[in-house]
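Reading through the structure tokens given below for one structure.
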Amino acid sequence: MTDTSTIAASELSEDQAKAELARLGFEIGFHNKAYFQNDKPEISDADYDQLRRRNTEIEARFPALKRADSPSERVGAPVADGFAKIRHSRPMLSLGNAFDDADVVDFLAGIRRFLRLPDDAPVAIVAEPKIDGLSATLRYENGVFVEGATRGDGEVGEDITTNLRTIADIPQSIENSPDILEIRGEVFMSHAAFAELNRQQLTAERAEYANPRNAAAGSLRQLDAAITASRQLSFRAYAWGEVSALPSTTHAGVLAAMKGWGFQVQAHEICLDAAQMTAYHAAMEAGRGDMPYDIDGIVYKVDRLDWQDRLGAASRSPRWAIAHKFAAEQAQTLVNGIDIQVGRTGKLTPVARLQPVTVGGVVVSNATLHNEDYIKEKDIREGATVLVQRAGDVIPQVLEVVMPGPKPFRFPTACPACGANAVREEGEVDWRCGGGLTCEAQAVERLRHFVSRNAFDIEGLGEKQIRAFFEAGVVGAPADVFTLRAQDGTEGRKPLREWEGWGETSAENLFAAIEERRDIALDRLIFALGIRHIGQGNAKLLARRYESKEKFEDAVFADDLQELLDIDGIGEKVARALLAFFADDHNKSVWTALVEELRVQDMARADTTSPLVGKTLVFTGTLEKTSRAEAKVRAEALGAKVSGSVSQKTDMVIAGAAAGSKLKKAESLGVKVIDEAEWLALIGAPASNMGEEPS
Ligand code: IVH
């Protein structure tokens, strides 16, 4: 069979076109899911656009072959599970693309033709930056924010009302608005907020987000809105859905009204011809690096609303608007070398050392190569010239090889740090150092994790100090941190105050900071061990289940897999990793030596007499006496589970002021609904005491 993907659209036979449309449908569907549902795009926007364009081209040549499920008929991806669904009152459309100035001229000409205007008739166009985030729709009824949703597939989105309420740019209520008002716009993360979030992810040993868009998506689509609240998201309004009475006859006029209602609206410009439009595009593209957030193009919209109405929409995008994309920020450079980094669990991560190059205003000198398969697939070699792209902000990617290097890269089969054999298990993408506890690189990484912020969090003991202590042989295992003071200056050891960079005060401060951490919560202790797959969440589940260090020890030393699997939320991979860790004699002695130095606090016992034990609750609407986050903590302390969406499994809905779709859903399912006062009574909190500052 011939490979139809390499044949130009204009050359395809009908049979080939059919095969090609099927392939494109599958591929576009796959990438839609990766981008919209999993927030993990696998190809560049440009490559994605290319696939869509090819699909459209082939459909234009063979209209009869257009499939009912053609990607050109659909926007985005179907809604993900976990959120309630909301049908949009008016579809949320996407935009067609213009890739160059000629496309802009065509866009204007098409509008004039459609409206039967003379070729030189002025058509006022609103031009504004296209923000690289996620679109959302906000519904206000009588000035109160009642419901908000993602775009989803354009017809049905996800109910993210609770999450949207945590965004400062989104007013909870507005004055002098039409009775029904749906505002549409973009949720995104600024560069500053993105950098801060990734800094936190790093200290917490969680994966960094690849770019602000993914970070915004990951932050917004959280079933736990408290997480959304902890992320700094922004919102800019640029369009609308159902509105009972429009405040203006022009697009710019409505934008001005939105501003008056309290929404943030981007600076925009009115252009009167294609030359002005492309000049605005060029100026913004040159200055995009100075914007506080990522923009990936310019959106042009016909200003007159009566014209917008007449123009209407083709299948997935309006005829009255178009997105003029910017070229991706890319550059070519040389791969000077490929290094292998050793992580705390022995994972070997290849990193390209690049000849420093400026990409969109930022100097790039490293790029992660992820794993062996990534290198093989792209055939990245030392000495190759590669095309790099700054995906969003920080983590640069190698897009493709422009000129191959002399010889294929051979992934090492031994750990570059300790020389032990490396292994790549079947079904795994990563190679791991088999040196285990004898590998120094792993040991240092583990210690670094041990003292990191969400683990022991010892002030003054960061990566640099840990490395120095390790190299000097004074800290080899976690327990050694807690004997530092007792051992200081003994057995011919030089006292810390005499070390370079240290003095009497700094040494004493460090010892004091270490003392303070002898009291440690059980979940932090479990997390600090750095066991594979046991992050903060799983550590908490384990600590909650076992409550004390003693019971936890009994369980892990008993080597009873089933018992661990019975914990809600603990899966087989995690349970096995935990047991494997404690089955190792060395690890066992590391643990014993460590806990001897500590006073491990028991986990607060869930109150089993509470009527809420095991119940699933949903909070909706605005709570007035407490924050949503506090209510959730209280509910969980009483043994309840808090969920973000109402279903058959919901035991009770607590409806605050202006509750919307979830309340409706609860009522239709016959789920018990109580108001805030009843909730406070139920948990035994006098309403007057909640939410006030302690005196
Ligand atoms: S207008 C019916 N304006 O780009 C027209 N969209 O590729 C509605 N976007 O779905 C969209 N900035 O998520 C418009 N200033 C802007 C935008 C913008 C970003 C997004 C939006 C839309 C997508 C289309």
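The values are calculated or read from the model by the stated rules, or taken from the named source; none is laboratory data. Model, not experiment: these values are computed from the prediction. Don't worry about glycine lacking a Cβ; one is built from the backbone with ideal geometry, like all the others, and counts go over all protein chains shown.
The figures follow:
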item	result
Filtered residues of segment 366-403 (kept if modelled with pLDDT of 85 or more, among the small types (Gly, Ala, Ser) and closer than 30 Å to Gly133 by Cβ)	Ala367
Candidate set: segment 275-295, residues that are in contact with a helix residue (DSSP H, G or I) (Cβ under 7 Å, 6 or more places away or on another chain) and outside any helix (DSSP H, G or I); chosen: the one surrounded by the most Cβ atoms within 10 Å (Cβ to Cβ)	Tyr293
Residue ID - farthest from the ligand (Cβ to nearest atom), chosen from residues in segment 131-168 that are over 20 Å from Met189 (Cβ atoms) and in a loop (DSSP other than H, G, I, E, B)	Asn142
In segment 46-100, the residues that are among the β-branched types (Val, Ile, Thr), within 28 Å of the chain's Cα centre (by Cα) and modelled with pLDDT of 75 or more	Ile86
Wholly within segment 317-409, strands (runs of 3 or more DSSP E) carrying at least 1 residues that are more than 25 Å from Ala215 (Cβ to Cβ)	321-325, 330-342, 347-359, 385-390, 396-403
Residues being more than 16 Å from the ligand (Cβ to nearest atom) and touching a residue at least 12 places away in the same chain (Cβ under 8 Å) - total across segment 115-130	4
Test: Leu461 is part of a loop (DSSP other than H, G, I, E, B) and of a type in the set (A, V, I, L, M)	yes
Count of segment 358-386 residues which are without any contact (Cβ under 8 Å) to a residue 40 or more places away in the chain, over 26 Å from the mean Cα position of the chain (by Cα) and buried (at least 16 other Cβ atoms within 10 Å of the Cβ)	0
Meets criteria (of a type in the set (A, V, I, L, M), under 22 Å from Gln442 (Cβ atoms) and either more than 16 Å from the ligand (Cβ to nearest atom) or in contact with a His (Cβ under 8 Å, 6 or more places away or on another chain) (or both)) for Leu369	yes
Which listed residue is at negative phi, crowded, with 17+ Cβ neighbours inside 10 Å and not charged (D, E, K, R), from Ala507, Ala512	Ala507
Answer residue from segment 300-338, given it is in contact (Cβ under 8 Å) with a residue 60 or more places away in the chain and more than 16 Å from the ligand (Cβ to nearest atom) and is surrounded by the fewest Cβ atoms within 10 Å (Cβ to Cβ) among those	Gln332
Residue tally, condition surrounded by fewer than 20 Cβ atoms within 10 Å (Cβ to Cβ), in a helix (DSSP H, G or I) and touching a strand residue (DSSP E or B) at 6+ places or on another chain (Cβ under 6 Å), over segment 237-268	2
Selected residue (only one of Ala583, Ala593, Ala577 is among the aliphatic types (A, V, I, L, M), more than 18 Å from Phe456 (Cβ to Cβ) and in contact (Cβ under 8 Å) with a residue 40 or more places away in the chain)	Ala577
Set Asp457, Asp430: member being under 26 Å from Gln201 (Cβ atoms) and surrounded by fewer than 18 Cβ atoms within 10 Å (Cβ to Cβ)	Asp457
Number of the exception - Gly262 against (1) within 14 Å of the ligand (Cβ to nearest atom); (2) of a type in the set (Gly, Ala, Ser); (3) within 31 Å of the chain's Cα centre (by Cα)	(1)
Unmet criterion (only one of (1) over 27 Å from Asn587 (Cβ atoms); (2) not in a loop (DSSP other than H, G, I, E, B)) for Asp480	(1)
Residue that is of a type in the set (Val, Ile, Thr) and in contact with a Leu (Cβ under 6 Å, 6 or more places away or on another chain), where the choices are Val146, Val187	Val187
Set Gly473, Gly489, Gly501, Gly435: member being more than 25 Å from Ala204 (Cβ to Cβ) and touching a residue at least 24 places away in the same chain (Cβ under 8 Å)	Gly435
Per-region count, segment 568-601, residues in contact with a Leu (Cβ under 6 Å, 6 or more places away or on another chain) and under 19 Å from Val481 (Cβ atoms)	2
Boolean, Leu598 is within 19 Å of Ala528 (Cβ to Cβ) and modelled with pLDDT of 85 or more	yes
